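Take a look at the structure set out below.
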Amino acid sequence: TLPPSAEAGMNSRFNRKIDLEVLEADLMEDEEGDDNAAFDMKRGEDGKLHPTGDPKTPKPEMMFVQLKEEFDTKDKVERVAEKWTSLLYTNGLKVRPYPIEDNRLLFVVDTGMYDTEEFKQFALSMEETEVFEYKQQKYYPGDQNKGAGAYDMKK
């Protein structure tokens, strides 16, 4: 005969055989959509989930900033772009600046709609900004429609 502790181990819930197919079917039945998934998923003929359609990752967004008249050379515009990029990066926002004309910058935000509002508020709070443009709509520093939570870089 076995000692009592060995008999208890044989009857333990950790010692039973698990039917993996039943377990997987049960898990898949309860599966809910994942808002953070990179793709929509659909069950194929093989019973497994497969990605469908376009990726759900954010698309890059482009925004333009018209600088004030005193930023009239490529060198001055590049210095502003470098300064802003550093400030934004320190705050966790990655942007790519492109000087496109004297006193005009194109900014690309790879995280799309998630960070465009934050960048807009930052740009409108900067003393160098004359006009901010996004999706063919122009915003001016001091506008009431620039939204709450604007940056105050003077602190």
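Pop the C-beta distance of Lys94 and Glu45 into the FRET formula with R0 = 41 Å and round what comes out to the nearest 0.05.
So, using R0 = 41 Å, E works out to roughly 0.50.
Counting other C-beta atoms within 10 Å, and keeping those with at most 12, which DSSP coil GluC sites (Glu not before Pro) do you find in segment 77-130?
Glu127
If you plug each phi of segment 72-79 into the Karplus form 6.51 cos²θ - 1.76 cosθ + 1.60 with θ = phi - 60°, what whole-Hz ³J(HN,Hα) values come out, in order, with x for Gly and Pro?
9, 10, 4, 4, 5, 5, 5, 5
Can you check what the Kirkwood hydrodynamic radius comes to for segment 61-126, Cα pairs only, in Å to one decimal?
Value: 11.8 Å, from the Cα pair sum.
Spelling out what I want: for every residue of segment 81-96, take phi, set θ = phi - 60°, compute 6.51 cos²θ - 1.76 cosθ + 1.60 (Karplus), and round to whole Hz; glycine and proline get x.
Karplus-based 3J(HN,Hα) across segment 81-96 equals 4, 5, 4, 5, 4, 5, 4, 5, 4, 4, 8, x, 10, 9, 10, 10 Hz.
No lab work stands behind these numbers, since they all come straight from the coordinates. Computed from a predicted structure; not experimentally measured. All Cβ positions, even for glycine, are placed from backbone atoms using ideal geometry, and neighbour counts span all protein chains on display.
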